[in-house]
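Let me begin by presenting the structure, written as structure tokens, before commenting on it.
The values are calculated or read from the model by the stated rules, or taken from the named source; none is laboratory data. Bear in mind the structure is a predicted one, so any value in this text is a computation, not a measurement. Please note: Cβ atoms are built from the backbone with ideal geometry, for glycine as well, and neighbour counts cover all protein chains shown.
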2 protein chains.
Amino acid sequence: MATTTAAQRRAQARTEFDAFLAVCPSRQLLDRVSDKWVGLLLCALGGGSFPQPSAEEGTPRAMRYSELLRQVAGVSPKMLTQTLRSLERDGLVTRSVVATVPVTVSYELTDLGLSLHVTMRALKGWAETHVAEVLEQRAAYDARPVEKIT
Amino acid sequence: MATTTAAQRRAQARTEFDAFLAVCPSRQLLDRVSDKWVGLLLCALGGGSFPQPSAEEGTPRAMRYSELLRQVAGVSPKMLTQTLRSLERDGLVTRSVVATVPVTVSYELTDLGLSLHVTMRALKGWAETHVAEVLEQRAAYDARPVEKIT
DNA sequence: CAGGATCCCGCTAGATACTG
DNA sequence: CAGTATCTAGCGGGATCCTG
């Protein structure tokens, strides 16, 4: 009974945390859209091939599986499929299969996905705007000598 | 030399990917701010205790370490420290130490951190606005029978 | 009170191989 | 072309113990 005290407190905290999560579905959704590949895919499907400051975004369009695989470059087929599935499940993209000789599958943003894309671009815009400043801060932080904590 | 072909292609792709990343620092920054705890901490330091649709955000203020530990509820001391350090390094928060009898440490958003907080709230706003719609889509997707792929 | 150090487990996600 | 299945390593992150 002596060693369970800390564990019980942890369990209690965990329970409270879970309960808290349960009453706040927007939290999970926030976690989902915070996914690394989600952002990149939204970006790609939104018409911008990749987050490049100088490149202006194009128009949203349907894209093939392999096209996405090339464009995002670094994502594995597994993660691409997995991410696309979750996006489809959440109603952010549509999946269209055309029974050509080699099967053709294309993905496109829904209106809902498009609205998220707008928001993601805002976040991306922030990163692009402030990346230099952050790098400065980071360099300053790393360069500072081991000094006494004031 | 026969088995290295696929590996080499992978390595090449990896190199291109890394090179691409190198010329696009905003990508890494985007990954950083997409972190789970970063969002929650920004939210907490921004004055809103947690992402609750009905609760209006308060004003940004300095918060104690233990205060954050309680408020975010679910984050371990390790992750809290780790995340706060990265935020401090990036110049998004300031760390203030007051040498009281028990040491007092407080964290506060910088102007830069505040600007990110604004953007994060926009993302949070999107989640809160569309969470119901997403849940519907998700339910519909899960409820659909195992049908032939059209 | 505010962490640092260490151990360790589970899940993520990458590599590889196979299929309709 | 557009995936699926399996295996596995790496690491994120929790638990625990210790310090200033």
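Might you let me know whether the range A:28-44 holds any residue that is on the phi < 0 side of the Ramachandran plot, within 9 Å of chain B (Cβ to nearest Cβ) and modelled with pLDDT under 80? For the range A:28-44, residues on the phi < 0 side of the Ramachandran plot, within 9 Å of chain B (Cβ to nearest Cβ) and modelled with pLDDT under 80: absent.
When you go through B:Thr100, B:Thr110 one by one, which is the residue that is farther than 14 Å from B:Arg32 by Cα and under 17 Å from the mean Cα position of the chain (by Cα)? Full working, then the answer.
Values: B:Thr100 fails: under 17 Å from the mean Cα position of the chain (by Cα).
Just one listed residue meets the conditions, B:Thr110.
Note on the range A:71-97: among residues that are among the hydroxyl-bearing types (Ser, Thr, Tyr) and more than 12 Å from DNA strand C (Cβ to nearest atom), the one that is nearest to the other protein chains (Cβ to nearest Cβ) is A:Ser96. Out of the residues in the range B:91-112 that are in a loop (DSSP other than H, G, I, E, B) and among the hydrophobic types (A, V, I, L, M, F, W, C), which is farthest from A:Leu123 (Cα to Cα)? This residue is B:Val101.
Do the conditions hold for A:Ser115, that is, is it at the interface with chain B (Cβ under 8 Å from one of its Cβ atoms) and either part of a strand (DSSP E or B) or closer than 16 Å to A:Ser34 by Cα (or both)? Give the steps one after another, and end with the answer.
Details: at the interface with chain B (Cβ under 8 Å from one of its Cβ atoms): yes; either part of a strand (DSSP E or B) or closer than 16 Å to A:Ser34 by Cα (or both): yes.
Judged against the criteria, A:Ser115 is a match.
Among all positions in the range A:48-66, there is no residue which is under 28 Å from B:Arg89 (Cβ atoms) and either modelled with pLDDT of 90 or more or not in a loop (DSSP other than H, G, I, E, B) (or both). Taken together, the residues in the range A:73-97 that are within 15 Å of DNA strand D (Cβ to nearest atom) and touching a residue at least 24 places away in the same chain (Cβ under 8 Å) amount to 9. Screening A:Arg85 with (1) assigned to a strand (DSSP E or B); (2) within 18 Å of the chain's Cα centre (by Cα); (3) among the basic types (Lys, Arg) gives one miss only, at (1). Scanning the range A:98-114 for residues that are surrounded by fewer than 16 Cβ atoms within 10 Å (Cβ to Cβ), away from DNA strand C (no atom under 11 Å from the Cβ) and free of Cβ contacts under 8 Å to residues at least 60 places away in the same chain gives A:Val98, A:Asp111.
Here A:Asp142 clears all of (1) among the acidic types (Asp, Glu); (2) more than 16 Å from DNA strand C (Cβ to nearest atom); (3) over 17 Å from the mean Cα position of the chain (by Cα) except the condition numbered (2).
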